[in-house]
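These notes concern the structure reproduced below.
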Amino acid sequence: MIQIPALRFGKPYTSLDKATLIHHVTGEPVAEVSQVTGSQIARDVGLMERAHKELRAIPIRDILAMYKKAADYFVNATLPCGDAELSFDDYVRNLSATTGSPMVFCKRNALKVHYVLDNIEEVIAGLTRGLDVEALDKGFSNKNGRMQAFYPTTNVFGAVLPSNSPGVHSLWVPTLALKMPLLLKPGREEPWTPFRVLQAFIKAGIPSQYLGFLPTDHAGASDILRLCGRSMAFGDDRTMAPYKNDHRVEIHGTGYSKIIFGEDQADNYERYVDIMVESVAANGGRACVNASAIWTPRNADKIADALAKRLGPMKPRAWDNPDCEISAFAKPEVAEAINNMLEDGLKTPGATDVTAKYRTMPRLVTEGRIAYLLPAVIRCETPEHPLANKEFLFPYASVIECPQADVLKRIGYTLAASAITEDPAFIAEVMACPHIERLNIGALPTNRLTWDQPHEGNLFTHLYKQRALALASA
Amino acid sequence: MIDTPGKPTPVTGATLDEKIRNARTQLDAQVRDVVQWHFNPETGTPFWLAKAKTFNFNPLKDVNGWEDIKKFPVFEDDWLRGGPVRQWVPKGFGDKPVYVFETGGTTGLPKTRIVLDDFKIDYEMMSDTLPDKSFPRGSNWLMLGPSGPRRLRLAIEHLAQYRGGICFAIDLDPRYVVKCLKARKIAEAQAYKDHCIDQSITVLAGGHDIKCMFTTPKLLAALDEAIRNGKLEDKYRELGKAIPSGGLRSIKSAGITGIFSGGTEFTPQFTREAYEEMLDNGDVYMTPTYGNTLMGLACSKPIGPEDGFKISYYAPQPRAVIEVVNPENFEEHVSYGGTGRVLLSTLTREFFVPRFPERDEGEREKPFDKYPWDGVSGVRPFAALSGGTVVGVY
């Protein structure tokens, strides 16, 4: 069993309190992760002013070069993981073992993290809207006589992370390039990616005193959000409710992502079935950018059927099978509870599980210690139906018919939307829609992300605030 | 200060075995005395006199020692909810003044316990376990814990007075904190904690020569965080006082030499963190305790790195007894080192609680020289019950 310590800004710390991670299929213990307390986090955060000052003094070009090296180490090197040394394949295997996410998904998402590490300059340029990276050394840029100056909003950036998909780690990876010490609270079942990225950074030369890996409980996570001047946190609507009005916390919650057909393309839906399948089911349908609803002005029955025909026959496969399409639930009771919620929703008239006729087994499949939920496409007759605006941890989509003139008024919060239309007037309306955060126009799935654009916030503007600056010498 | 009457004499014996035997003899005598008192129509407690009518045994004749305590049914804490509170006052105490202490109370009726002198005796016994070097006689105390109808508030003050000191206290209502947490008002709960810590910082900055304190694990951590972040220095500046050379950025530098801590769950990891990171590697002495309004308090073996910061508690026998039992069969003790539910009996003339199943579990510990009776370690919320209660808020 691998012993994973906390990393307290330069000091590995083995706690007396440890979380045991088990293999989701066999139940065998895989790792023990040292847990720290909120007061230890507070003590460490108290040291960040000095760490921040030291990190600011490292030239940005040096840091960017270290990112390049870290990218290489992340996928090619054997890196320490507590008392073990793990290759990239070992890492992917462990990640899959404790999260229940198939190896094929884990690897695919880990490569997104690699992409951000390897293309950090491009990502930073995107986040800073083309600011010269040297501005991160000087605090300002005076290009073509246009002064742009910024000051940091915190001495440390805290990230309270989830366990569901390693792809989300791409979001905090640029922090050090923005010259900000980094405090990570890993998801309980997913210490692997944060720990490996930090080890890659350390091997690449980034001093460990700017890096915190602090596994902790819910109370400790609250302390991170309280103590860090800026942070990001992942959680459901209920967990994140206390932070809704806290500008210091960037919330990554339920996505309610959607595909929206325009009048002009609703009759051409067959062309977009692949895009719908990917939007709903990629990565097991667990990401906030997976579509959970398809809105169309026409042909809702046909769209639901076409999608169900593709998703319905999907079957559970072993976690290490490269063709695996469905993630397992390491806790079968969670799958059962979700399935019950869905069944309760179907009791309200006006909703049909269109996938039912294409499945060869029940939606809820239990195998040994684990369970699976097979995809569900629910045709909802009205946008008011309780299942119309739901998001679950498996491939799930409602299909709703709604006039184009009304759709943008009724969709509600939407993290990622793919508007399938070529109609300039509708495109203009979608562009102006305040409910949509990430917008894809045309034949793009909702999960198609670019890392140099904001995702539920922009890390640069979260960590820096623009200020007016005048220099007498200029 | 003179001992309060009723404080037991220490157990004697040349060997551990002899001490264990003598402790048992003392316990048997205590059981006989307490049962005769509570069930005698002249001196007895109205609640127990009424309850005895439902027993299929006669406590006055059939209870002759500790072994016979099993004849009593398991004590139900709901019996302590609601009045009349006088039903718990033994007739034998006549018109003596009576205190009432409460637990919980955020939903429904709190549990109540009457006390005359028990809290004084319990804390005098506890005082005898404190090293004078860390808890200097005559030094003043800070009570950084719950106020209101809580036993701790008066008990710590008595402890300070018993040791020749004066106790400063703060206002702290844990019920308000529980309400905030249940309503998920995290920021409000934090603001209230800050308010409590600010009160204690003010006391510490007041020049009262405070060397000892009581606090809970969470408040100790909060005080450490505040002092480390310069709140005590800020208070000195606000009061126009000079900051001593060397600063005031640790509990040690604030002048504290001994901390008596308890009130909520104490884990070895927290103890280690306190020892290593808050209390200058043990320079400030801390002793964890386990207790509640019903029992009094159990002291711990001295804690430290040599045994992995393991915390083992021993009840103040013969006035209270801790057993670690099979959760499915309270008559069966688990083996030493085994895990079981904590079963508590309180055996004083003021309060008789036979066989009360605590909401905690832990491992059974062997007797040792200082406490020649069973103890319990690793105390934590009983797994089968945990999850529904907000615990350890202060």
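The values are calculated or read from the model by the stated rules, or taken from the named source; none is laboratory data. Here the structure is a predicted model, which is why all the values come from computation and not from measurement. Neighbour counts run over all protein chains shown; Cβ positions are idealised from the backbone, glycine included.
How many residues does region A:347-368 contain that are of a type outside the set (Ser, Thr, Tyr), out of contact with any Phe, Trp or Tyr (no Cβ under 7 Å at 6 or more places or on another chain) and either crowded, with 17+ Cβ neighbours inside 10 Å or under 13 Å from residue A:292 (Cβ atoms) (or both)?
Matching residues across region A:347-368 total 6.
In the set B:267, B:257, which member is among the polar types (S, T, N, Q), within 30 Å of residue B:310 (Cα to Cα), touching a residue at least 12 places away in the same chain (Cβ under 8 Å) and within 10 Å of chain A (Cβ to nearest Cβ)?
Just one listed residue meets the conditions, B:267.
I need the strands (runs of 3 or more DSSP E) fully contained in region A:278-367, keeping only those with at least 1 residues that are in contact with a Cys (Cβ under 9 Å, 6 or more places away or on another chain) and at pLDDT 90 or above.
So the answer is A:291-296, A:351-353.
What are the residues in region A:161-186 that are at pLDDT 95 or above and either in contact with a Pro (Cβ under 9 Å, 6 or more places away or on another chain) or not aliphatic (A, V, I, L, M) (or both), if any?
A:161, A:172, A:174, A:175, A:178, A:179, A:180, A:181, A:184, A:185, A:186 - these are the residues of region A:161-186 that are at pLDDT 95 or above and either in contact with a Pro (Cβ under 9 Å, 6 or more places away or on another chain) or not aliphatic (A, V, I, L, M) (or both).
Let me confirm something: among B:13, B:6, B:92, which residue is closer than 14 Å to residue B:318 by Cβ and not β-branched (Val, Ile, Thr)?
Sole residue among the options that is closer than 14 Å to residue B:318 by Cβ and not β-branched (Val, Ile, Thr): B:6.
Quick one: how many residues across region A:170-187 are in contact with a helix residue (DSSP H, G or I) (Cβ under 7 Å, 6 or more places away or on another chain) and either closer than 15 Å to residue A:283 by Cα or part of a strand (DSSP E or B) (or both)?
4
Go through region A:120-136 residue by residue and tally those that are surrounded by fewer than 16 Cβ atoms within 10 Å (Cβ to Cβ) and of a type outside the set (Gly, Ala, Ser).
Let us first name the residues in region A:120-136 that are surrounded by fewer than 16 Cβ atoms within 10 Å (Cβ to Cβ), namely A:122, A:125, A:129-130, A:134.
Now drop any that are not of a type outside the set (Gly, Ala, Ser), which leaves A:122, A:129, A:134.
Of the residues in that region, 3 qualify.
Tell me, which residue of region A:213-272 that is within 12 Å of chain B (Cβ to nearest Cβ) and β-branched (Val, Ile, Thr) is farthest from residue A:424 (Cα to Cα)?
A:216
Mind checking which residues of region B:118-134 are part of a loop (DSSP other than H, G, I, E, B) and touching a Leu at 6+ places or on another chain (Cβ under 9 Å)?
We begin by selecting, within region B:118-134, every residue part of a loop (DSSP other than H, G, I, E, B); these are B:128-134.
Result: B:130, single match.
Name the residues in region A:96-108 that are in contact with a helix residue (DSSP H, G or I) (Cβ under 6 Å, 6 or more places away or on another chain), surrounded by fewer than 23 Cβ atoms within 10 Å (Cβ to Cβ) and not aliphatic (A, V, I, L, M), would you?
A:107
Among (1) assigned to a loop (DSSP other than H, G, I, E, B); (2) away from chain B (no Cβ under 14 Å), which single condition is residue A:15 missing?
The number of the failed condition is (2).
Hey, any hits in region B:144-154 for a residue that's modelled with pLDDT of 95 or more and in contact with a Cys (Cβ under 9 Å, 6 or more places away or on another chain)?
Checked against the condition, which is being modelled with pLDDT of 95 or more and in contact with a Cys (Cβ under 9 Å, 6 or more places away or on another chain), region B:144-154 yields at least one hit.
Table: residues versus (1) surrounded by fewer than 18 Cβ atoms within 10 Å (Cβ to Cβ); (2) out of contact with any Ser or Thr (no Cβ under 9 Å at 6 or more places or on another chain); (3) within 14 Å of chain A (Cβ to nearest Cβ).
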| site | (1), (2), (3) |
| --- | --- |
| B:272 | no, no, yes |
| B:276 | yes, yes, yes |
| B:281 | yes, yes, no |
| B:290 | no, no, no |
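Scan region B:229-240 and give yes if some residue there is assigned to a loop (DSSP other than H, G, I, E, B), within 14 Å of chain A (Cβ to nearest Cβ), more than 22 Å from residue B:131 (Cα to Cα) and under 21 Å from the mean Cα position of the chain (by Cα), otherwise no.
Checked against the condition, which is being assigned to a loop (DSSP other than H, G, I, E, B), within 14 Å of chain A (Cβ to nearest Cβ), more than 22 Å from residue B:131 (Cα to Cα) and under 21 Å from the mean Cα position of the chain (by Cα), region B:229-240 yields no hits at all.
Tell me, which residue of region B:159-191 that is surrounded by 17 or more Cβ atoms within 10 Å (Cβ to Cβ) and within 14 Å of another protein chain (Cβ to nearest Cβ) is farthest from the chain's Cα centre (by Cα)?
In this case the residue turns out to be B:186.
What is the number of the single condition among (1) part of a strand (DSSP E or B); (2) at pLDDT below 95 that residue B:364 does not meet?
If we test residue B:364 against (1) part of a strand (DSSP E or B); (2) at pLDDT below 95, just (2) comes out false.
Restricting to region B:127-158, what's the tally of residues that are within 12 Å of residue B:3 (Cα to Cα) and surrounded by 17 or more Cβ atoms within 10 Å (Cβ to Cβ)?
2
Considering only region B:192-212, state which residues are away from chain A (no Cβ under 13 Å) and charged (D, E, K, R).
Hits for region B:192-212 are B:198, B:209, B:211.
Out of (1) part of a strand (DSSP E or B); (2) free of Cβ contacts under 8 Å to residues at least 24 places away in the same chain; (3) not aromatic (Phe, Trp, Tyr), what's the single condition that is false for residue A:274?
Checking residue A:274 against (1) part of a strand (DSSP E or B); (2) free of Cβ contacts under 8 Å to residues at least 24 places away in the same chain; (3) not aromatic (Phe, Trp, Tyr), the one that fails is (1).
Wholly within region A:23-111, which strands (runs of 3 or more DSSP E) include no fewer than the required count, namely at least 1 residues that are away from chain B (no Cβ under 14 Å) and without any contact (Cβ under 8 Å) to a residue 40 or more places away in the chain? Please lay out each step first, then the result.
Numbers: elements: A:29-34, A:79-81, A:84-86.
Strands (runs of 3 or more DSSP E) meeting the threshold: A:29-34, A:84-86.
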